[in-house]
1. Counting only other residues whose beta carbon sits under 15 Å from that of LYS35, what net charge do I get with K and R as +1, D and E as -1?
2. If each of TYR88 and ARG100 carries a label point 7 Å out from its Cα toward its Cβ, how far apart are those two points in nm?
3. Would you mind getting the accessible area per residue of region 19-84, heavy atoms of the protein chains only, 1.4 Å probe, in Å²?
4. Amide H to amide H, which residues 5 or more places from GLN28 or on other chains are under 5 Å from it, using H placed in the peptide plane?
5. For ARG9, what accessible surface area do you get with a 1.4 Å probe? Give it in Å², rounded to 10.
6. Using a cut-off of 10 Å between beta-carbons, work out the net charge of the residues near ALA21 (Lys and Arg +1, Asp and Glu -1, ALA21 not included).
7. Give the lysines whose C-alpha is closer than 24 Å to that of LYS8, dropping any in the same chain fewer than 8 places away, or say none.
8. Between GLN127 and HIS22, what length comes free when the chain is fully extended (0.36 nm per residue of separation minus the Cα-Cα distance, one decimal in nm)?
Amino acid sequence: MIWTVFPKRLLSALKGLCCLAHSAEAMQSQEIAEKIGVSKAETAKVLQLPAWGGFVTSRRGYKGGFQLATRADQITTGEVMDFFFSRYRPEPDGDCPIMRALRESIAPGQEVFGSLTLADVAAGRTQAANARLERQV
């Protein structure tokens, strides 16, 4: 699927997941909210979708919080985005020549972005991932 839109809630979810990728322990929503720059209430909503998708686990209570369900190097941004868009379909753009050209021109970059793991993004290893993908092509 070509992602011609990038909803704010999805961006916040990816930021939250990268924040969790940096942490060895569960993080409470207030701590994540401060790091990604959104309200605590919005953070709880934003992390519900990755929890439904199996990317995040959560536990209520004082010692609770959110944490990745698996290692950060086993979750790609593409998997998270595909899950998000399976739940929230963007409006179809029909056969608009502008959108068709946009889809065709961004597809290679989108493929690179989708192949990045949360560990890659959290550690700033995007250039290394791009080089890996270029060697495969």
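The values are calculated or read from the model by the stated rules, or taken from the named source; none is laboratory data. This structure is a prediction, so every number in the text was calculated from the model and none was measured. Quick reminder, even Gly has a Cβ in these numbers, built from the backbone with ideal geometry, and neighbours come from all protein chains shown. Calculation scope for accessible area: heavy atoms of the full protein, side chains included, ligands and nucleic acids excluded. Shrake-Rupley method; radii C 1.70, N 1.55, O 1.52, S 1.80 Å.
1. Working: positive: LYS15, LYS40; negative: GLU25, GLU31, GLU34, GLU42.
Net of charged neighbours comes to -2.
2. It is 2.9 nm.
3. Working: 3840 Å² over 66 residues.
In whole numbers, region 19-84 has 58 Å² accessible per residue.
4. The list, which skips near neighbours in sequence, is PHE66.
5. Roll a 1.4 Å probe over it and ARG9 shows about 100 Å².
6. My count for the surroundings of ALA21 gives -1.
7. Those lysines meeting the cut-off are LYS35, LYS40, LYS45.
8. Values: separation 105, 0.36 × 105 = 37.80 nm, distance 1.87 nm.
Working it through step by step, the gained length comes to 35.9 nm.
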